[in-house]
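The structure under discussion appears below in the form of structure tokens.
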Amino acid sequence: MCLIALVYRTLPHTPLLVLANRDEAFARPTDPLARWADTPMVLGGRDRQAGGGWLAVSEQGRFAAVTNVRAGQPLPAEKSRGALVAQWVQGTDTVAQFAQQLATSRHAYGGVNLIFGTLADLFCYHSPHGSLQPLASGVTVICNGAPDAPWFKVERLRAQCAALSTPLPPEDQLLDWLTDPTPAPCEALPDTGVGYALEKRLSPIFIAETDYGTRASTLLSCRADGALAMVERTFVAGQLQGVRRLGGRVLP
């Protein structure tokens, strides 16, 4: 997952609204949005290669989503970042217990931003600094840098989310925000060590390269009455492959 926007504790009747793009190699085997076969209370897509996930929510009220942190050419990591998502949503650890695990094993996963917690109490973990902060009420948008990095795509999506009010726009309109192909201007490109050409190609909200790009766009709505609704669009090389919808309810 490479771009996550969270509208948290600001919308009446919808304490959490998430818009997110997963950018990944198109050849990586992936299961689309579904209830997980080994944990049916968990809703989300799943990485078939390593068994983890990129964004998932459980009917026990546990949520997690992950991005990588880009810093030059990636080195092989001992473990998949997506395993952190699976461990949290399938587990029973408290935030404090999970944070201790993150602190002792953070170098095994490569650079990662992880949003995790319960729907009422979310946290943001940034592994390069080993930092863990409560997620503030309002709009938070995280990409492949530090959680507060004002990247072009981050600020572009933040502006749209910040203007949300009730009634919410139709789900197709919200998901269309995630298909924005506008690249960053040269002066707004980050310097993550991958070179100008690649920075430019990776700078839009929606990436439509041949071998790598946006594979899934997800909308998650968590309502105050406990209702969960997820919609996932899947893509290959910029072309829509399908749409899935899934509902659930957080147990009281």
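Quick rundown of the values:
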item: Cross-chain or 6+ apart pairs with Cβ under 6 Å, the range 23-35 first and modelled with pLDDT of 95 or more, then among the polar types (S, T, N, Q) and surrounded by fewer than 16 Cβ atoms within 10 Å (Cβ to Cβ); result: ARG28/GLN49; PRO29/GLN49
item: Residue that is farthest from SER217 (Cα to Cα), among those in the range 189-203 that are in a loop (DSSP other than H, G, I, E, B) and aliphatic (A, V, I, L, M); result: VAL194
item: Condition met for TYR212 (of a type in the set (Phe, Trp, Tyr) and within 18 Å of the chain's Cα centre (by Cα)); result: yes
item: Selection within the range 163-188 - part of a helix (DSSP H, G or I) and either in contact with a helix residue (DSSP H, G or I) (Cβ under 6 Å, 6 or more places away or on another chain) or of a type outside the set (Ser, Thr, Tyr) (or both); result: GLU171, ASP172, GLN173, LEU174, LEU175, ASP176, TRP177, LEU178, CYS186, GLU187, ALA188
item: Residue check for PRO181: modelled with pLDDT of 95 or more and under 16 Å from ALA20 (Cα atoms); result: yes
item: Every pair of residues 6+ apart whose Cβ atoms lie under 7 Å, when the first sits in the range 105-132 and is within 18 Å of LEU16 (Cα to Cα) while the second is in a loop (DSSP other than H, G, I, E, B) and not β-branched (Val, Ile, Thr); result: ILE115/LEU135; THR118/GLY61; LEU119/GLY61; LEU122/LEU135; PHE123/LEU135; CYS124/LEU135; CYS124/PRO147
item: Flag for ALA56 being touching a residue at least 12 places away in the same chain (Cβ under 8 Å) and at negative phi; result: yes
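Here's the yes/no breakdown for (1) farther than 27 Å from ARG244 by Cα; (2) loosely packed, with under 13 Cβ neighbours inside 10 Å; (3) modelled with pLDDT of 95 or more:
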{"position": "VAL85", "(1), (2), (3)": "no, no, yes"}
{"position": "ALA99", "(1), (2), (3)": "yes, no, yes"}
{"position": "TYR109", "(1), (2), (3)": "yes, no, no"}
{"position": "ILE115", "(1), (2), (3)": "no, no, yes"}
{"position": "LEU122", "(1), (2), (3)": "no, no, yes"}
{"position": "PRO134", "(1), (2), (3)": "yes, yes, yes"}
{"position": "ILE142", "(1), (2), (3)": "no, no, yes"}
{"position": "PRO147", "(1), (2), (3)": "yes, no, yes"}
{"position": "ALA162", "(1), (2), (3)": "no, no, yes"}
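The values are calculated or read from the model by the stated rules, or taken from the named source; none is laboratory data. Keep in mind the model is a prediction, meaning the values are calculated, not measured. Using ideal geometry, Cβ is built from the backbone for each residue, glycine included, and neighbour counts are taken over all protein chains shown.
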